[in-house]
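These notes are about the structure you will find just below.
Since every read-out is calculated from the coordinates, none of them should be taken as a lab result. Because the structure is predicted, anything quoted here is derived from the model rather than measured. Cβ coordinates were reconstructed from backbone atoms using ideal geometry, including for glycine residues, and neighbour counts include every protein chain displayed.
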Amino acid sequence: MNLNVPNLISGTGMAGAALSIFAQTADHFIPPVSSDTWDQRYWVDDSSFSSSCDSSDTGCVVFLMLGGEGEAGPPGGHMMEMAEHFGAMGVSIEHRFYGESIIPNPNPNEGNFTNEHLQLLSVNQALQDYACFIQQFPSIFNLPQNTRFYTFGGSYSGELASWMRIKYPNLVSGAIASSAPVSPIADYWGYDPIIIAALANPTIGGSSDCADSVVAAFQSLRFLLLSSDKISKVLTDFKLCPSSDLSTDMDKRELLDFVSDDFMGLVQYNDVNNPEKNIKLSCNSMTSSDFGESPYDRLVNVTNARLTNDCLGASYEDQLAQTCDGSYAERAWLWQMCADGSGHDQTCYEDLGCPFVEEYASFDQFLQFCSDCFGVDEEGKEMEIALKENFASFGGNTTVDEGFDVTKIVYINGDIDPFHFGGVSSNTTSGIERDVIALIVEGGSHCQDMKWSSENDSESMQNVKLGKLRMLEKWINNKQ
């Protein structure tokens, strides 16, 4: 499972943003609503905001960046560029159970991320958090009650941004959802074929030789892993730790997860202007004899170069010991993937174009992990129910189709981002009429449009950013 989660907010904000704490309700849905509260972090940047906005032609506007599956920080990037253009207030808020916005366990010795305590972590709880925040924010900052809020987000938080508009149209005037894989698909088989297609694409630094080399390397690794008398070679080549003997399929899954993750992250976050790592540089490594005589040798050398310790751990038992610890903060997103119908496990099916090793990246193995660590049924019935509830509530990627009355959502995807597989990436007449539209960045990667504008932005990126601005202009100027 690829857990390369970008920090989409922190570190990109403006120096003037102030950190504050919102007293948030712990459980919005128990009858009666819980009186217990916890500290939810948020940041406000009012450097471009006019206190006389209420008398302006457009009224008062707040751009709200929703937190996702990681630590949040001050608002920044393209959202704040647009906030300056419109004179909007920029705000960002952290998601429950991430960063420092943790609901404390009443039994602190058990940790804040036990299975029992994580029952408070769900999409619907998070959406209600944001709804309560929006409702109370005008009073906190002495703004008029008709202040309009537009939600922003990327990846999971992009999903949340769009879902806030769908679920609370009375509170959210419009949404900008970047790289949001809104389709509730847990068995995310469409991810890996996009990886290999990108590695073969010369317009972004790939080549057919590169793609062929990656496929050949993983086929060689597959042969070794399926041959009991060849396992010792893998142990030696990849510098596995003594406790990692690859004696089970789940151990081998741990190894493949680490080795393949480099290529997943490479494509997902590709930036041609990054001088240290991009598709072109990695393809040079996978096709050059300087990095090894065979594709397998190059894969070994590329992988070993990433090690931060003397050896590589690939023991499923060790992984469970860490991941199942109630104090382990990364359990939060894994819980959402396993029990909340959130997230997407990147599975591998060779006949669908996966370049990796399908025997050790199956959905059944993911379900086993969910069962072992969170007690979720191994047949996936609970997960299936959660996914169906999500689709029933939010419509997946069908919000552009006829039959939906939702309005004013802009979905942005990069066409090499593997997560665009489950996003909204095409337009319909019905969607356009309702201002529910898809914008595509050619050669764009995951959440790339959220960054500050740069002279290095491609023409397609410039056009997409302008498209976001123009749509917001339409909504804001018409006081929609």
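Just checking, how many residues over segment 122-151 are part of a strand (DSSP E or B) and farther than 17 Å from residue 69 by Cβ? Working first, answer last.
Going residue by residue through segment 122-151, those that are part of a strand (DSSP E or B) are 148-151.
From the residues that got through so far, the ones that are farther than 17 Å from residue 69 by Cβ too are 148-150.
Within segment 122-151, residues that are part of a strand (DSSP E or B) and farther than 17 Å from residue 69 by Cβ number 3.
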* When you look at residue 389, is it more than 17 Å from the chain's Cα centre (by Cα) and in a loop (DSSP other than H, G, I, E, B), yes or no? -> no
* Asked: Quick one: would you say residue 161 is assigned to a helix (DSSP H, G or I) and touching a residue at least 60 places away in the same chain (Cβ under 8 Å)?
  -> yes
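Mind listing whichever residues of segment 267-277 are touching a Leu at 6+ places or on another chain (Cβ under 8 Å) and crowded, with 20+ Cβ neighbours inside 10 Å?
Let us first name the residues in segment 267-277 that are touching a Leu at 6+ places or on another chain (Cβ under 8 Å), namely 267, 277.
If the condition is that a residue be touching a Leu at 6+ places or on another chain (Cβ under 8 Å) and crowded, with 20+ Cβ neighbours inside 10 Å, then 267 is the only one that fits.
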* To do: Return the residue satisfying two criteria in turn: it lies in segment 233-260 and is surrounded by fewer than 18 Cβ atoms within 10 Å (Cβ to Cβ) and charged (D, E, K, R), and of such residues it is farthest from the chain's Cα centre (by Cα).
  => 233
* Those residues of segment 24-76 which are touching a strand residue (DSSP E or B) at 6+ places or on another chain (Cβ under 8 Å), farther than 17 Å from residue 137 by Cα and of a type in the set (D, E, K, R), in sequence order -> 36, 69, 71
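Conditions tested, residue by residue: (1) in contact with an Asp or Glu (Cβ under 9 Å, 6 or more places away or on another chain); (2) farther than 24 Å from residue 444 by Cβ; (3) buried (at least 17 other Cβ atoms within 10 Å of the Cβ).
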position: 288; (1), (2), (3): no, yes, no
position: 302; (1), (2), (3): yes, yes, yes
position: 309; (1), (2), (3): no, yes, no
position: 326; (1), (2), (3): yes, yes, yes
position: 334; (1), (2), (3): no, yes, yes
position: 337; (1), (2), (3): yes, yes, yes
position: 344; (1), (2), (3): yes, no, yes
position: 354; (1), (2), (3): yes, no, yes
position: 361; (1), (2), (3): yes, yes, yes
* Asked: From the residues in segment 403-430 that are out of contact with any Asp or Glu (no Cβ under 8 Å at 6 or more places or on another chain) and assigned to a helix (DSSP H, G or I), which one is farthest from residue 392 (Cα to Cα)?
  -> 429
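Among the strands (runs of 3 or more DSSP E) lying completely within segment 14-87, list those that include at least 3 residues that are crowded, with 21+ Cβ neighbours inside 10 Å. Give the derivation first.
On the way: elements: 18-25, 37-45, 61-66.
Passing ranges, in order: 37-45, 61-66.
Working carefully through the options 266, 307, 320, 281, find the one that is of a type in the set (A, V, I, L, M, F, W, C) and not in a helix (DSSP H, G or I). It would help to see each step written out before you state the result.
Numbers: 266 fails: not in a helix (DSSP H, G or I); 320 fails: not in a helix (DSSP H, G or I); 281 fails: not in a helix (DSSP H, G or I).
Selected residue: 307, the only one of 266, 307, 320, 281 that is of a type in the set (A, V, I, L, M, F, W, C) and not in a helix (DSSP H, G or I).
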